[in-house]
Amino acid sequence: MSLFEKYPLIGDIKAKLYEYGAIYASMSGSGSSVFGIFNDLEGLEELNKYGKVYFPAEL
(Lines give C-alpha, C1' and ligand atoms only; values in the text may rest on other atoms or scores of the structure.)
Protein backbone atom coordinates (compact mmCIF):
# COMPACT_ATOMS: atom_id res chain seq x y z
CA MET A 1 0.00 0.00 0.00
CA SER A 2 1.38 3.41 -0.94
CA LEU A 3 1.56 6.34 1.44
CA PHE A 4 -1.07 8.19 -0.58
CA GLU A 5 -3.45 5.24 -0.29
CA LYS A 6 -2.94 5.06 3.46
CA TYR A 7 -3.12 8.85 3.98
CA PRO A 8 -5.12 10.33 1.08
CA LEU A 9 -5.05 13.84 2.59
CA ILE A 10 -1.32 14.05 1.81
CA GLY A 11 -2.01 13.37 -1.86
CA ASP A 12 -4.87 15.87 -1.80
CA ILE A 13 -2.62 18.60 -0.41
CA LYS A 14 0.10 17.86 -2.96
CA ALA A 15 -2.48 18.02 -5.78
CA LYS A 16 -3.83 21.31 -4.41
CA LEU A 17 -0.32 22.81 -4.50
CA TYR A 18 -0.09 21.97 -8.20
CA GLU A 19 -3.61 23.31 -8.75
CA TYR A 20 -2.48 26.63 -7.29
CA GLY A 21 0.47 26.77 -9.67
CA ALA A 22 3.37 25.01 -7.97
CA ILE A 23 6.18 24.15 -10.34
CA TYR A 24 7.15 21.35 -7.95
CA ALA A 25 5.47 19.77 -4.92
CA SER A 26 6.69 17.01 -2.65
CA MET A 27 6.77 15.65 0.86
CA SER A 28 9.81 16.38 2.99
CA GLY A 29 12.30 13.57 3.46
CA SER A 30 11.10 12.91 6.99
CA GLY A 31 7.46 13.19 5.95
CA SER A 32 6.72 15.96 8.43
CA SER A 33 5.60 18.42 5.74
CA VAL A 34 4.36 18.79 2.20
CA PHE A 35 5.77 21.73 0.26
CA GLY A 36 5.44 23.47 -3.07
CA ILE A 37 7.75 25.74 -5.03
CA PHE A 38 6.11 28.64 -6.83
CA ASN A 39 7.23 31.31 -9.29
CA ASP A 40 4.43 33.66 -8.26
CA LEU A 41 2.94 34.37 -4.80
CA GLU A 42 -0.35 35.75 -6.10
CA GLY A 43 -3.36 33.96 -4.62
CA LEU A 44 -1.37 31.68 -2.34
CA GLU A 45 -3.00 33.07 0.82
CA GLU A 46 -5.89 30.73 -0.03
CA LEU A 47 -3.62 27.79 0.77
CA ASN A 48 -3.58 28.75 4.46
CA LYS A 49 -6.82 26.82 4.87
CA TYR A 50 -4.81 23.63 4.23
CA GLY A 51 -2.02 24.43 6.69
CA LYS A 52 0.69 26.97 7.33
CA VAL A 53 2.04 28.79 4.29
CA TYR A 54 5.49 30.35 4.55
CA PHE A 55 6.54 33.14 2.21
CA PRO A 56 10.07 34.44 1.65
CA ALA A 57 10.94 37.72 3.36
CA GLU A 58 11.96 39.21 0.02
CA LEU A 59 11.66 38.14 -3.57
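The values are calculated or read from the model by the stated rules, or taken from the named source; none is laboratory data. This one's a predicted model, so the numbers in the text were calculated from it and none came from an experiment. In this analysis, Cβ positions are derived from the backbone assuming ideal geometry, glycine residues included, and neighbour counts consider all displayed protein chains. All accessible areas refer to the heavy atoms of the entire protein, side chains included, with ligands and DNA or RNA removed. Shrake-Rupley method; radii C 1.70, N 1.55, O 1.52, S 1.80 Å.
Of note:
- Helix 8-19 vs. the chain, principal-axis angle (Cα, 0 to 90°, nearest 10): 30
- Entry note, the chain: the mean residue ellipticity at 222 nm calculated from DSSP H runs of n ≥ 4, each adding -39500 (n - 2.57), is -7500 deg cm²/dmol after division by the residues and rounding to the nearest 500.
- Computed with a 1.4 Å probe over protein heavy atoms only, the accessible surface of the chain comes to 79 Å² per residue.
- For the chain, the set of trypsin sites (Lys or Arg not before Pro) satisfying both a DSSP loop assignment and a count of at most 16 other C-beta atoms within 10 Å is given as Lys52.
- Accessible surface of the range 18-59, 1.4 Å probe, proportion on carbon and sulfur as whole %: 51
- Prolate/oblate/rounded call for the chain, Cα gyration tensor, a/c under 1.5 rounded: prolate
- Accessible area of Leu41 (1.4 Å probe, protein heavy atoms only, ligands and nucleic acids ignored): about 50 Å².
- Computed about the Cα centre, the dipole magnitude for the chain is approximately 320 debye when only Lys and Arg (+1) and Asp and Glu (-1) carry charge, each at its Cβ.
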